[in-house]
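Colleague: My questions will all concern the structure given below.
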């Protein structure tokens, strides 16, 4: 009789990856990074256990959006107070805070439960090509040739 494998903390090996986001479409980047953060690329993937790896995204300012999303897509924030709704177009958001646009896209592709807060902490986004995780010796991850 075969037993179902369930990953435990002792079995999980965490790696660090760096992704160069230059000229990559935002949605395509977000789906593939979310899969790496969750650990779906590993054979030991278990939905209720954090089996994912750490990801560093560089060059967030050079991400592309297709079609008219740059002008038509809006970011919505609500302060919690009456009349506290704020809408920001993505062309303004990409100019001022491109890290926020990438963060929101990846966060939206993660499961909507307690695991999302655990998983999203393993994501590090930088506007330029320099990052602070050099001590972890991250491997380069090719997002475009990944399935």
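Each reported figure results from applying straightforward, stated rules to the coordinates on display, with no laboratory input. Since we're looking at a predicted model, the values are computed, not measured. Quick reminder, even Gly has a Cβ in these numbers, built from the backbone with ideal geometry, and neighbours come from all protein chains shown.
Colleague: List the number of the failed condition for residue 58; all other conditions in (1) more than 22 Å from residue 145 (Cβ to Cβ); (2) out of contact with any helix residue (DSSP H, G or I) (no Cβ under 9 Å at 6 or more places or on another chain); (3) surrounded by 13 or more Cβ atoms within 10 Å (Cβ to Cβ) hold.
Modeller: (1)
Colleague: State whether one or more residues within region 38-47 are within 23 Å of residue 135 (Cβ to Cβ) and either surrounded by 15 or more Cβ atoms within 10 Å (Cβ to Cβ) or touching a helix residue (DSSP H, G or I) at 6+ places or on another chain (Cβ under 9 Å) (or both).
Modeller: As a first pass, look at region 38-47 and keep what is within 23 Å of residue 135 (Cβ to Cβ): 39.
Pick out the ones that are also either surrounded by 15 or more Cβ atoms within 10 Å (Cβ to Cβ) or touching a helix residue (DSSP H, G or I) at 6+ places or on another chain (Cβ under 9 Å) (or both) and you get 39.
Checking region 38-47: at least one residue is within 23 Å of residue 135 (Cβ to Cβ) and either surrounded by 15 or more Cβ atoms within 10 Å (Cβ to Cβ) or touching a helix residue (DSSP H, G or I) at 6+ places or on another chain (Cβ under 9 Å) (or both).
Colleague: Among residues belonging to region 112-133 that are closer than 17 Å to residue 49 by Cβ and free of Cβ contacts under 8 Å to residues at least 24 places away in the same chain, point out the one that is surrounded by the most Cβ atoms within 10 Å (Cβ to Cβ).
Modeller: The initial filter retains those residues of region 112-133 that are closer than 17 Å to residue 49 by Cβ, namely 113-122.
With the extra rule that they be free of Cβ contacts under 8 Å to residues at least 24 places away in the same chain, the set shrinks to 113-114, 116-117, 121.
Details: 113: 10, 114: 9, 116: 17, 117: 10, 121: 11.
Going through the qualifying residues, I end up with 116.
Colleague: Return yes or no: is residue 106 part of a strand (DSSP E or B), surrounded by 17 or more Cβ atoms within 10 Å (Cβ to Cβ) and in contact (Cβ under 8 Å) with a residue 12 or more places away in the chain?
Modeller: When the stated conditions are applied, residue 106 does not pass them.
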